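Accompanying notes for the structure given below.
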Amino acid sequence: MAKKIILTGDRPTGRLHVGHYVGSLKRRVELQNSGEYDKIYIMIADAQALTDNADNPDKIRENIIEVALDYLACGIDPAKSTILIQSQIPQLTELCFYYMNIVTTARLERNPTIKSEIKMRGYSENDGEGKGIPVGFYTYPISQAADITAFQATTVPAGEDQKPMVEQTREIVHKFNTVYGEALTEPSILLPDNEACLRLPGIDGKAKMSKSLGNCIYLSEEPDEIQKKVMSMFTDPDHIKITDPGKLEGNTVFTYLDAFSRPEHFERYLPEYANLDELKEHYTRGGLGDVKVKRFLNSVIQEELEPIRNRRHEYEKDIAYVYDVLKKGSEEAERVAQETLDKVKAAMRINYFDDKDLIASHIAKYQK
Ligand code: TRP
């Protein structure tokens, strides 16, 4: 049977937050422990982070260890999963360079991430719209295809925002295999099955959690900080008196409950309700105050994050060990990526020194 291989990763631009957790991290740990996959690679995508942080390599450098600590804290187990640092695998760059030949600029500009970036900030006085984007950033969907295919990944567990990247990877694989012969594996994305986990909003109700907006709850956050953030969460602005009927749509507290709460939480912290549906029903009917719901959410999140934070503190005592995990993981990843690169170069017929027939035919050609 064909092997089942996972590759996924994160940019090390800051500590990981609960959006990363419900969107992908938690799932990775479940998949890791399910034993259903032959191999799992988790990549710290520092080279990709540099594509739009060229002037700030120190930020990336400082956050590699933070992301690694967050991984280990969540339960990524180096005995079962390989954690690697992207920039330490030169084969990824080489693969990317060859894939560039089978992707058009038109196709890149149709990639929604690149497209919106061109719109948003890609303006340069001298060159016109879209021309102010660094070439490395512009081509990072191709580099991401290299990441995924280097390990012959079948499955990419990630958030919805990664859909266009995996789609583009599939096209590159298809094109490569058609032009040069079968050498690469077509991957599929594995999205979270819970709607709320797909795009967890920031605590201010804004669509995306982001460090610059200051609206994230980090996995490493201390309990009082978490509580402060939960209690300040955006709810229904028209729900003024407790007796007012409340709205659930766009109500961040309920979105978080959708993502985090389970029936046993009600038994423990809010036994007057059997489950989330009953709580929602009371809220929409009126008579249930925000503070009570927020306190419940706080208990739920605290319970989920406490073991993660405690494990993180344990690993923080042995940073040398964490670096050792990263180094060993990167070395293993390099060996695997080299196997794929050898296959790719053979398929592209640029493996001259390994091709005895080529050399023999050239000898024959010039033999008088
Ligand atoms: N683009 C991902 C992010 O922004 C990081 C990433 C790089 C990635 N290479 C990948 C994710 C390959 C999945 C597969 O977080």
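Ordered by packing density, taken as the mean number of other Cβ atoms within 10 Å over each peptide's residues, highest first, how do 350-362, 308-320 rank? Please list the in-between numbers first.
Values: 350-362: 10.4, 308-320: 13.4.
Descending mean neighbour count gives 308-320, 350-362.
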Checklist outcome for this item: Computed over the stretch 1-101, the convex hull of the Cα set has an average projected area, in nm², of 7.8
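Given axes a ≥ b ≥ c from the Cα gyration tensor, I'd like to know whether the stretch 1-57 is rounded (a/c under 1.5), prolate (a/b larger than b/c) or oblate. Kindly include the intermediate steps, with their values, before the conclusion.
Values: a/c = 4.29, a/b = 1.79, b/c = 2.39.
Oblate is the answer for the stretch 1-57, as a/c is 1.5 or above yet b/c matches or exceeds a/b.
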Item to check | Simple spin-label estimate for D224 and H282 in nanometres, 7 Å along Cα-Cβ | outcome: 3.0
Next on the checklist: I want to verify a result. In a Gaussian network model of the chain, Cα cutoff 10 Å, which of these has the top mean-square fluctuation: A207, A333, A259?
Outcome noted: A207
Checklist entry - Quick one: if you stick a label point 7 Å off each Cα along the C-beta vector at K328 and D38, how many nm between them? => result 2.3
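Computed FRET efficiency, Cβ-Cβ of K356 and D161, R0 51 Å: what is it to the nearest 0.05? Can you show the working numbers first?
Details: r = 47 Å, r/R0 = 0.92.
For K356 and D161, the calculated efficiency is 0.60.
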Next on the checklist: Accessible area of the stretch 223-314 with a 1.4 Å probe: how many percent of it is carbon plus sulfur?
Outcome noted: 51
Next on the checklist: Treating the chain as a set of equal point scatterers at the Cα positions, no solvent, please give the Debye-formula log₁₀ I(q)/I(0) at q = 0.11 Å⁻¹.
Outcome noted: -0.84
Checklist entry - How much length is gained on full extension from K175 to K211, taking 0.36 nm per residue of separation minus their Cα-Cα distance? => result 9.2 nm
Checklist outcome for this item: Listed by chain and number, the aspartates and glutamates with an alpha carbon less than 19 angstrom from that of K228, same-chain partners under 8 positions apart left out, are D204, D236, D290, E303, E304, E306
Next on the checklist: Bin width 5 Å, origin at 0, all Cα-Cα pairs of the stretch 285-368: what percent of pairs per bin?
Outcome noted: 3, 10, 8, 8, 8, 8, 7, 7, 7, 6, 6, 6, 4, 4, 3, 2, 2, 1, 0, 0
Checklist outcome for this item: What helix-only [θ] at 222 nm does the chain give? Using -39500 (n - 2.57) per DSSP H run of at least 4, over all residues, to the nearest 500, the answer is -16500 deg cm²/dmol
Checklist entry - If you stretched the chain out fully between V135 and K115, how much longer would it get, using 0.36 nm times the residue separation minus the C-alpha to C-alpha distance? => result 5.8 nm
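So with the 1.4 Å probe, I'd like the accessible area per residue for the chain, rounded to whole Å².
Numbers: 18700 Å² over 368 residues.
Accessible area per residue, the chain: 51 Å².
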Item to check | Extension gain (nm, one decimal) between D238 and S188, 0.36 nm per residue minus Cα-Cα | outcome: 13.8 nm
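Sort the following peptides by mean Cβ neighbour count (other Cβ atoms within 10 Å, averaged over residues), highest first: 132-138, 342-348.
Numbers: 132-138: 15.4, 342-348: 17.1.
Listed from highest to lowest mean packing, they are 342-348, 132-138.
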Checklist entry - Just the Cα atoms of the stretch 223-314: what Rg and Dmax do they give in Å? => result 13.6, 46
Next on the checklist: List the residues, sorted by chain then number, that are 5 or more residues from N215 or on another chain and whose placed amide H is less than 5 Å from its amide H.
Outcome noted: S210
Checklist outcome for this item: Of E160, E306, E267, ordered by accessible area with the largest first and a 1.4 Å probe, the sequence is E267, E306, E160
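The values are calculated or read from the model by the stated rules, or taken from the named source; none is laboratory data. What you see is a predicted model; the values in this text were computed from it and never measured. Every residue, glycine among them, receives a Cβ derived from its backbone with ideal geometry; neighbour counts consider all protein chains shown. What goes into the accessible areas is simple: the full protein's heavy atoms, side chains included, and nothing from ligands, DNA or RNA. Shrake-Rupley method; radii C 1.70, N 1.55, O 1.52, S 1.80 Å.
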